[in-house]
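Student: Shown below is the structure under consideration.
What follows draws every value from the coordinates through simple rules; no lab data is involved. The model shown is predicted, which means the values in this text are computed figures rather than measured ones.
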Amino acid sequence: METNRYQTGLARLNELDPHAAEHLKESFKSVCPELADFIIAFPFGEVLSRDGLDYQTRELATISALTAMGHCQPQLASHIKGALHIGCQPQQIVEVILQMAVYAGFPAAINGMTVAKSVFEELGIQTGEAQ
């Protein structure tokens with residue numbers, strides 16, 4: 001594993017949550033510790049550390065993709081929390097998920113919004129009334 005790429009990824013991942021890398025490594029250490037290293041080095045060390053988009057925009061794009069996939073609720077919850085941690089606003093997250101109803105279908109948007117609602121409730125975030 002290239003040390004510089006790994007260290008860059010470690011720093012980027014921990015911006016979302018100061019304990020994210022530790023939790024990721026713990027999750028896979030008994031079955032495949034290399035998976036955590038690959039996740040840290042490639043998505044976070046290579047792709048999410050590139051110039052061209054700010055981190056908030058990248059997280060909103062990630063939330064939209066995970067919502068569209070429709071079966072990634074644990075990862076979606078983690079990225080919603082991370083996006084909030086780096087300054088994304090709850091309404092931005094709601095709007096990105098709502099837009100996925102058009103492109104990924106209502107079931108995917110419903111699943112995504114349910115995850116967002118759960119995260120907001122866990123964190124004590126009020127999102128207000130619908131427009």
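Student: Rounded to whole Å and sorted largest first, what semi-axes of the equivalent ellipsoid does the C-alpha gyration tensor of segment 1-50 yield via the square root of 5 times each eigenvalue? Mind dumping the intermediate values first?
Tutor: On the way: eigenvalues 56, 32, 11 Å².
Each semi-axis is the square root of five times an eigenvalue, giving 17, 13, 7 Å.
Student: Continuing with this model, one more query. Would you kindly calculate the translational diffusion coefficient of the chain, applying Stokes-Einstein with the Kirkwood radius from alpha carbon pairs, for 4 °C and a viscosity of 1.567 mPa s, and quote it in µm² s⁻¹ without decimals? Mind showing how you got there, number by number?
Tutor: Working: Rh = 15.3 Å.
Here the translational diffusion coefficient equals 85 µm²/s.
Student: With the chain treated as a Gaussian network of Cα nodes joined by springs under 10 Å, which of Asp54, Asp17, Asp37 yields the largest mean-square fluctuation?
Tutor: Its mean-square fluctuation being the largest, the pick is Asp54.
Student: Please give the contour-minus-distance gain from Phe42 to Gln91: 0.36 nm per residue of separation, less the Cα-Cα distance, rounded to one decimal in nm.
Tutor: In short, 14.7 nm is gained.
Student: What is the angle, in °, between the Cα long axis of helix 3-16 and the longest principal axis of the Cα atoms in the chain? Nearest 10 is fine, range 0 to 90.
Tutor: Once rounded, the angle reads 30 degrees.
Student: I've got another one for you. For segment 14-41 and segment 47-99, what is the separation of their C-alpha centers, rounded to whole Å?
Tutor: 19 Å
Student: Now for a different question. Mind pulling the angle between the C-alpha long axis of helix 55-69 and the longest principal axis of the chain? Nearest 10 degrees, somewhere in 0 to 90.
Tutor: The answer is roughly 70 degrees.
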